[in-house]
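One structure is given below, encoded as structure tokens.
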Amino acid sequence: MAPLALITGAAGLIGHYLVKTAPRWAPRWEVRGLTRQDVELTDVAAVRSFWRNLQPQAVIHCASQSRPGSCQQDPILARRINVEATVLLAELSSDIPFLFLSSEQVFDGSKGWYVETDPVNPLNVYGETKAEAERLVLQNPQHGVIRVGLNAGFSPIGARSFVEDMRISVKSRKPLTLFTDEFRCPMPAGMTARAIWELIEVDRPGLYHLGGADRLSRWEIGQALIPWYQELTGQMQPGSVKSSTGAPRPPDLSMRCDKLQALLSFPLLGFRPWLAGRTSGAIDLWDYESP
């Protein structure tokens, strides 16, 4: 029988792409995606019972409270989901590969082009919970953490990627202000999924960064998307992260991904080159179809 890999957060963006691309990039695995309808990860007894029934051979833990604003408003719930549930799954996975998806928000954004050895200094509750979970997961040398940058794609509920957020704002006629001084390394979710599956296959635990090769401002990202989403034309306005409200926003969370790139069989492309190489007939703009 094929070994079983569990993907938590399968209703989210990256979890969804991991499940749907598994036949292509992880054919030796039986893959099961988990959502809240399967098990509530903050219910310890339910998780332990669910685990005993399945006995997986690997876990990719994508589920989280990933909205910084929501984490800032309810830090207790954010810690239950992002830290306590992660620790429970890592404990249950003590003897098998366990990969935890973290975030570039563990950094304060003061310098950019972060590497894995840079010290963390989160500015918001979301980043704090991710940094704490990272530290606890990495106490097991068989486990891994991958800090994932900004991802573009289509989620099952239609509201989990920055592209979906932008289109929702335009459709609802809400102001769409994109910061010219907040920088990220965006990438397509399909490429992220392929990189994660390849990391699982090479079985090299540890800490990794995963992002696109381009350092772009939010404004530059919006401009790059206009040829694909004409409804954005004339609906975006430039702004500054200094005027933002809500959870603190680190200004420059660009990451270097050389460590992970050395293990992959394909290049981690920049966002603009990725878009330039796509065709209008693509079924999913953010999938990774290349061999």
Residue pairs meeting the criteria (Cβ under 7 Å; at least 6 apart or on separate chains; first over 18 Å from Leu253 (Cβ atoms), in the stretch 139-165; second among the β-branched types (Val, Ile, Thr) and surrounded by fewer than 19 Cβ atoms within 10 Å (Cβ to Cβ)): Ala159/Ile168
Say whether the condition of being more than 17 Å from the chain's Cα centre (by Cα), modelled with pLDDT of 95 or more and surrounded by 19 or more Cβ atoms within 10 Å (Cβ to Cβ) is met by at least one residue in the stretch 146-166. no
Which numbered condition trips up Leu88, out of (1) more than 21 Å from the chain's Cα centre (by Cα); (2) surrounded by 17 or more Cβ atoms within 10 Å (Cβ to Cβ)? (1)
May I ask you to list pairs of residues, at least six apart or on different chains, whose Cβ atoms are under 8 Å apart, with the first in the stretch 260-275 being farther than 12 Å from Leu210 by Cα and the second being part of a loop (DSSP other than H, G, I, E, B) and of a type in the set (Ser, Thr, Tyr)? Phe266/Ser290
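So that you can scan it fast, the table gives a plain yes or no per residue for (1) buried (at least 23 other Cβ atoms within 10 Å of the Cβ); (2) of a type in the set (D, E, K, R); (3) without any contact (Cβ under 8 Å) to a residue 40 or more places away in the chain:
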residue	(1), (2), (3)
Ile14	yes, no, no
Leu18	yes, no, no
Gln37	no, no, yes
Asp43	no, yes, yes
Phe50	no, no, yes
Ile60	yes, no, no
So for the stretch 234-241 (the condition being surrounded by 22 or more Cβ atoms within 10 Å (Cβ to Cβ) and either of a type in the set (A, V, I, L, M, F, W, C) or without any contact (Cβ under 8 Å) to a residue 24 or more places away in the chain (or both)), does at least one residue qualify? no
Quick one: is Ile81 out of contact with any Lys or Arg (no Cβ under 9 Å at 6 or more places or on another chain), closer than 21 Å to Ala247 by Cβ and β-branched (Val, Ile, Thr)? yes
Can you report the number of residues in the stretch 247-288 which are of a type in the set (S, T, N, Q), in contact with a Lys or Arg (Cβ under 8 Å, 6 or more places away or on another chain) and within 20 Å of Ile200 (Cα to Cα)? 0
Meets criteria (farther than 16 Å from Gln105 by Cα, under 23 Å from the mean Cα position of the chain (by Cα) and either touching a residue at least 60 places away in the same chain (Cβ under 8 Å) or surrounded by 18 or more Cβ atoms within 10 Å (Cβ to Cβ) (or both)) for Trp228: no
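Check every one of the strands (runs of 3 or more DSSP E) wholly within the stretch 40-151 and list those with 2 or more residues that are polar (S, T, N, Q).
Working: elements: 58-61, 98-103, 143-148.
The strands (runs of 3 or more DSSP E) meeting that bar are 98-103.
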Look through Arg204, Arg218 and report the one residue that is under 22 Å from the mean Cα position of the chain (by Cα), surrounded by fewer than 23 Cβ atoms within 10 Å (Cβ to Cβ) and closer than 18 Å to Val148 by Cβ. Arg204
Tell me yes or no: at least one residue of the stretch 175-191 is free of Cβ contacts under 8 Å to residues at least 12 places away in the same chain and surrounded by fewer than 19 Cβ atoms within 10 Å (Cβ to Cβ). no
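Yes or no: Asp214 on the phi > 0 side of the Ramachandran plot and not aromatic (Phe, Trp, Tyr)? Lay out the reasoning, then the answer.
Working: on the phi > 0 side of the Ramachandran plot: no; not aromatic (Phe, Trp, Tyr): yes.
So Asp214 does not fit the description; no.
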Among the listed residues Pro68, Pro97, identify the single one that is crowded, with 17+ Cβ neighbours inside 10 Å, within 20 Å of the chain's Cα centre (by Cα) and farther than 26 Å from Pro205 by Cα. Pro68
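The values are calculated or read from the model by the stated rules, or taken from the named source; none is laboratory data. Note that the structure is a prediction, hence the values are computed from the model and not measured. Cβ: placed from backbone, ideal geometry, glycine included. Neighbour counts: every protein chain shown.
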